[in-house]
DNA sequence: GCTTACGGTAAGTCATGACTTACGAAGTTG
DNA sequence: CAACTTCGTAAGTCATGACTTACCGTAAGC
């Protein structure tokens, strides 16, 4: 159920950019804002969306809040795509069979 | 490079609904519109987006156009998520090590 | 050939959401 | 405790895109 929120979150380029920075490890909001062409409040709003989607975790250190990628949040999305891929392949093969049968009957 | 378009395409609920119908196999536009709570032109527009993203293929049969999921288009998205997941896990472990070291130094 | 099914495109409306600046809360430092 | 850093939130603007209806091309059937 959460994969829908996750995929919507990752659909935004700015949020993918944030996630890409966080690939190296946790970072505070200010650092993320410096690395991106948008304002700090914009980053905060994106972090909210990503956190709500279960893709990030936060740990407070003094006044700084370190955001990090949550591997668990990604798992749901991966699973959705895997199942979709399986079904797509099955339908693809099934249709290929039907096509060849049609040809054989001609 | 195409995964960005693909994830944006799959972020829309109506488009995911279309893809879900196509899991069983190819279908013409009219059938998709009947199965969904939106108009036929809306479906056409979504099919355009999904096709441009490389997620669908079309085969014309008379006046009907059968749309089907393209397994290749999904592969890029899966690969992106797999790499992201790898990096996230690595960063997660790396950070766990630093945390324990910090604790040890106290 | 004329009508009927099928589907893509144009144009217009309306909601959503990605930004901005301004402000306030909470913690750290001198 | 006063100044400063860090960050979240409120409010407002503006662009994008998800719909609708209307229209036009194209293939099939009588």
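Laboratory data are not the source of any read-out in this text; all were calculated from the coordinates shown. Here the structure is a predicted model, which is why all the values come from computation and not from measurement. Counting neighbours? That spans all protein chains shown, and the Cβs are built from the backbone with ideal geometry, glycine included.
In the range A:51-79, whose amide N lies under 15 Å from the spot 7 Å out along Cα-to-Cβ of residue B:89? List them in ranges.
Those under the cut-off are A:70-79.
Calculate the mean, over all residues of peptide B:5-11, of how many other protein chain Cβ atoms lie within 10 angstrom of the residue's Cβ. Don't skip to the end; give the middle numbers.
Values: counts 0, 2, 8, 6, 1, 9, 8.
Average neighbour count from other chains, rounded to a whole number: 5.
Suppose you put the label 7 Å out from Cα in the Cβ direction; list, shortest first and in nm with one decimal, how far residue B:62 is from each other copy's label.
7.4
Rounded to whole Å, how close does chain A get to the rotation axis onto B by Cβ? Give me the residue too, please?
Output: A:11, 2.
Taking a label point 7 Å from Cα toward Cβ, how far is residue A:39 from its twins in the other copies, in nm, shortest first?
In nanometres, ordered from closest: 3.8.
Give me Rg/Rg_expected for the range A:1-63, where Rg uses Cα atoms only and Rg_expected = 2.2 N^0.38 Å with N residues. Mind dumping the intermediate values first?
Numbers: Rg = 11.3 Å, N = 63, 2.2 N^0.38 = 10.6 Å.
In units of the 2.2 N^0.38 Å rule of thumb, it is 1.07.
Pairing the Cα long axis of helix A:71-105 with the longest principal axis of chain A, what angle in degrees results, from 0 to 90 and rounded to the nearest 10?
Its long axis makes an angle of about 20 degrees.
Sum -39500 (n - 2.57) across every DSSP H segment of at least 4 residues in the protein assembly as shown, then divide by the residue count to get the 222 nm mean residue ellipticity, nearest 500.
On the way: 10 runs with 146 residues, N = 212.
Taking each H run of at least 4 residues, the total per residue is -22500 deg cm²/dmol.
Could you state the angle between the C-alpha long axis of helix B:13-22 and the longest principal axis of the C-alpha atoms of chain B, as a value from 0 to 90 degrees rounded to the nearest 10?
Helix B:13-22 and the main axis of chain B meet at about 70 degrees.
Quick one: B:67, A:66, fewest Cβ neighbours within 10 Å first, how do they rank?
Details: B:67 24, A:66 17.
By the 10 Å Cβ count, ascending: A:66, B:67.
In whole Å, what is the distance between the alpha-carbon centres of the range B:1-36 and the range A:1-69?
Between the Cα centre of the range B:1-36 and that of the range A:1-69, the gap is 28 Å.
Å³ per residue of the Cα convex hull, for the protein assembly as shown?
Numbers: hull volume 28.2 nm³, N = 212.
Value for the protein assembly as shown: 133 Å³ per residue.
Just to be sure I understand the curve: with the Debye formula and one point per C-alpha of the range A:3-105, what is log10 I(q)/I(0) at q = 0.12, 0.20, 0.23 Å⁻¹?
The calculated log intensity ratios at q = 0.12, 0.20, 0.23 Å⁻¹ are -0.50, -0.96, -1.16.
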